[in-house]
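Remarks on the structure that follows.
Derivation of every value follows stated rules applied to the coordinates shown; laboratory data play no part. In this text the structure is predicted, and so the values were computed from the model without any measurement. Every residue, glycine among them, receives a Cβ derived from its backbone with ideal geometry; neighbour counts consider all protein chains shown.
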Amino acid sequence: MLKSLTSMFVGKGSFTDMGDRYPVLDRHRQSNIEGLWVVGDISATPDIKAAINGGAELADHLASLPRTPDGRADCETLIIGGGPAGVTVALELHKRGIPYLLLERKRLFNSVATLGNKRKLFLAETGPAGVRGDLDFRDCTVGDCVSDWERAVGEHELNVELGATVTKINKRDLFEVVTPKKTYLAHRVVVAIGKLTFLGKIDPVGEENPHVRYLLDEPDVQMSGQRLLVIGSDACSLSFETACKMAGENEVTLACEESHEHAGETEIDCGCLDVKMAGTITFLPSTRVTAIRGGDVTMHTPQGERNLSFDYILPMTRFEQEVPVDTLRDFGLKYENRWDRRRLFTFIPVLLLVAAFYTSLKFWGYEFRWLGLYVGEFYPILYSLLVVGFGIKAMHKYATVYHDKSQITRYLSLMFFQVVLFTVLPIFVIRSGGSWGLAYVWPLSVRPGNWADWAQTKQFYLGWVMFITLVGLPVFVWFRGKSYCSWVCGCGALAETVGDRWRHYSPKGKSNTAREKQLAYVTGFAVVATLLVAFGIDNLGGGISLSGIYDYGVDLALIAILPIAFYPFFGGKIWCRYWCPAVGLMNLFQKVKPKSLATRQIVSRKERCIACGMCDRYCEVGVPVKSFALKGQGFDMLNTSCISCGICISVCPTRVLSYSMVTPVQINIDIPASNRERPPS
């Protein structure tokens with residue numbers, strides 16, 4: 001029991017698993033260690049343009065600091081990492097004559113170069129429009145991009161040491177940066193390392209198979225006279241380049257799950273892929289590897305199952321990246337939402353304070369009056385002020401940083417419903433408690449605890465609530481998905497505004513998705529309790545009632561106390577995702593949707609996806625958006641917990657995602673992204 005409880009809150013797959021964690025930085029990118037800055041991929045910059053601009057901005061800040069020449073240090077500023085961000089810092093300091101040293105473990109721009117020369121890169125549409133500094137960037141291929149950068153670096157004699165792996169950073173009077181060969185002393189340190197990049201492991205094989213080799217860390221490996229199987233993917237152009245590279249001296253077969261422009265050919269001349277090498281490649285399009293035993297491979301092809309033998313299997317289906325948290329910890333950097341003792345002792349008082357506030361409101365909110373209003377009536381006024389204030393802040397962010405003005409409409413909708421329908425009308429105009437139900441569906445307005453009162457004194461509002469719940473909500477769901485949560489609902493309004501700054505703390509991963517089945521239990525209890533109370537069955541004996549269990553267990557604990565107390569720790573949509581009976585109803589309505597109706601999906605253009613992970617990071621309901629995008633697949637509330645807020649579309653730097661109405665036929669055959677409706681680039 002204790003182990004099960006611990007697994008829910010500690011470690012991977014627990015409620016505290018928010019995916020990638022990044023260092024906690026101030027506005028100048030300085031970490032918790034004074035004098036140590038972080039820039040580039042591990043500072044949560046989503047793309048190459050942002051990394052370059054971040055490096056230039058940091059160099060400006062470093063140049064503004066007082067100089068510290070004292071002869072004891074090897075350099076004033078030591079830069080760890082030779083990616084676009086680190087090199088930009090070095091270039092800018094070099095031009096200013098500020099002493100620096102750049103340490104790189106492999107070669108400059110290695111993390112970008114390993115993507116494959118023919119891989120397309122796209123200029124991000126988020127952030128500032130231009131690219132600062134000497135490293136130009138635009139829509140281009142990796143090969144052209146790296147060549148341009150190397151040419152720009154060649155125009156300066158940068159102080160660079162390659163082959164230097166940093167193992168530790170100690171902060172004393174000076175920074176001690178430790179490598180296996182030497183310990184460097186510096187007054188300031190810039191950490192510009194990238195994410196860990198590796199080839200995703202394939203399912204049918206264990207890592208111990210000696211015939212399977214992942215070549216990302218050894219891209220220049222030489223083989224000759226071997227029978228090679230390259231398992232490729234349109235999402236990983238390096239697979240095509242590797243097949244072409246190996247074809248000159250080996251017998252190469254390229255198996256690709258996707259169809260391809262050469263799908264009608266059994267062999268591809270390497271020249272077709274714009275790689276000038278002798279030899280041919282046996283190409284197997286629309287082929288899926290189902291089993292690997294030693295060098296024997298079973299494949300499912302359009303012509304049927306095939307069994308072939310190879311000397312080596314080279315899987316290159318997809319790239320995966322993760323923040324090197326262990327390295328950050330070794331360097332002494334504090335990373336976001338880390339559940340240490342201090343955070344735990346912050347969480348407990350917050351939970352107790354929120355519980356005390358809502359419990360007081362529950363018991364005494366309508367016992368006392370002040371300025372002509374019950375104390376409880378000041379709560380929706382305060383609530384509305386928070387929604388409007390933080391909503392304006394969110395609108396400004398999404399319009400100026402992410403250049404997506406569609407979010408302004410959504411936030412205005414949330415403000416309208418909260419201010420007008422959930423505050424002004426019920427408190428100052430209609431002055432009837434039933435008017436809360438003008439836009440709140442069951443059981444967010446009428447519920448087991450107040451059903452009898454509504455049935456006697458608010459028959460019109462009771463009828464209206466049940467009408468919009470049983471008629472309006474299904475129609476809304478069929479055409480707009482769970483947009484009610486992110487466009488109308490007051491619970492969602494507070495989460496989307498006040499909770500916006502913590503949205504990336506939401507639980508991620510398959511285990512947390514599996515926990516969404518709690519919705520069915522809460523919804524089932526709400527339905528049963530409401531029906532029984534409506535037919536006069538409420539008292540369970542011993543002073544316990546169904547309506548009381550719902551009022552205090554669901555309405556007080558799960559709607560009010562836990563979600564709002566959880567905002568700074570687990571994101572804002574815990575209630576909507578796991579416990580809201582209205583969401584459970586929406587899921588049910590979606591399952592009985594007429595098959596002839598099109599579905600509003602978020603669709604993807606996988607050729608533009610750079611796997612930055614920003615979509616996953618900022619999804620408040622834990623949808624694995626990146627995995628859909630890399631496959632060119634669409635998703636909606638039918639196959640995920642998506643609430644149609646569109647934040648993943650907003651934060652995507654290369655505009656991979658968009659809304660589209662997709663017919664059931666398209667959903668069943670999972671058409672390629674290239675055939676789906678897409679917005680202009």
> Under a plain spin-label model, where a point goes 7 Å from the Cα along Cα-to-Cβ, how far apart in nm are residue 249 and residue 403?
Replying inline: 4.6 nm
> Tell me, what is the FRET efficiency for residue 61 and residue 123 to the nearest 0.05, using R0 = 30 angstrom and their Cβ-Cβ distance as r?
Replying inline: 0.75
> Between residue 534 and residue 597, what is the FRET efficiency for a Förster distance of 41 Å, r being their Cβ-Cβ separation, to the nearest 0.05?
Replying inline: 0.85
> Going by how many other beta carbons lie within 10 Å of each one, how would you line up 496, 516, 367, 150, fewest first?
Replying inline: 367, 150, 516, 496
> Nearest 10 degrees, 0 to 90: what angle lies between the long axis of helix 581-591 and the longest principal axis of the chain (Cα atoms)?
Replying inline: 70 degrees
> Among 331, 102, 439, whose Cα lies farthest out toward the positive end of the dipole of the chain, if unit charges sit on the beta carbon of Lys, Arg (+1) and Asp, Glu (-1)?
Replying inline: 439
>> Give me a comma-separated list of calculated 3J(HN,Hα) values for region 361-366, in order, Karplus coefficients 6.51, -1.76, 1.60 applied at θ = phi - 60°, integers in Hz, x for any Gly or Pro.
In response: 5, 5, 8, 10, x, 10
> Given the rule -39500 (n - 2.57) for each run of at least 4 DSSP H residues, summed and divided by the residues of the chain, what is its mean residue ellipticity at 222 nm, to the nearest 500 deg cm²/dmol?
Replying inline: -10500 deg cm²/dmol
> At 4 °C and 1.567 mPa s, what whole-number value in µm²/s does Stokes-Einstein give for the translational diffusion of region 507-587, with Rh from the Kirkwood sum over Cα pairs?
Replying inline: 95 µm²/s
>> Please give the charge dipole size of region 341-591, origin at the Cα centre, charges +1 on K and R Cβ atoms and -1 on D and E Cβ atoms. Round to the nearest 20 debye.
In response: 1040 debye
> About its Cα centre, how strong a charge dipole does the chain have in debye, to the nearest 20, once Lys and Arg get +1 and Asp and Glu get -1 at the Cβ?
Replying inline: 1980 debye
> lysines within cross-link reach of residue 95: Cα-Cα under 21 Å, excluding same-chain residues under 8 positions apart?
Replying inline: 49
>> Could you work out how much longer the chain between residue 68 and residue 456 gets when fully extended? Use 0.36 nm per residue separation minus the Cα distance between them, nm to one decimal.
In response: 131.8 nm
>> Between 0 and 90 degrees, rounded to the nearest ten: what's the tilt of helix 84-96 against the longest Cα principal axis of the chain?
In response: 70 degrees
> Can you give the net charge of the other residues whose Cβ lies under 13 Å from the Cβ of residue 623, counting K and R as +1 and D and E as -1?
Replying inline: +4
>> Counting only Cα atoms, I'd like the Rg/Rh figure for the chain, Kirkwood definition for Rh.
In response: 1.02
> If you take the beta carbon distance between residue 552 and residue 139 as r and set R0 to 41 Å, what does 1/(1 + (r/R0)^6) give as a FRET efficiency, to the nearest 0.05?
Replying inline: 0.10
> Sorted by packing (mean other beta-carbon atoms within 10 Å per residue), highest first, where do 8-20, 637-649 land?
Replying inline: 637-649, 8-20
> Between their Cα atoms, which of 106/334; 171/573; 106/397 are more than 29 Å away from each other?
Replying inline: 171/573; 106/397
> Going by alpha carbons, how many degrees (0 to 90, nearest 10) lie between the helix axis of 48-64 and the longest principal axis of the chain?
Replying inline: 90 degrees
> Which of 646, 59, 462 sits closest to the plus end of the dipole of the chain, meaning its Cα is farthest towards the positive end, when Lys and Arg get +1 and Asp and Glu get -1 on the C-beta?
Replying inline: 462
> In sequence order, what are the phi-derived ³J(HN,Hα) couplings for region 8-19 according to the Karplus relation 6.51 cos²θ - 1.76 cosθ + 1.60 with θ = phi - 60°, rounded to whole Hz, with x for glycine and proline?
Replying inline: 6, 10, 10, x, 5, x, 8, 5, 8, 7, 9, x
>> Per residue of region 518-524, what does 6.51 cos²θ - 1.76 cosθ + 1.60 with θ = phi - 60° give for ³J(HN,Hα)? Whole Hz please, x for Gly and Pro, Karplus curve as stated.
In response: 4, 4, 5, 5, 5, 5, x
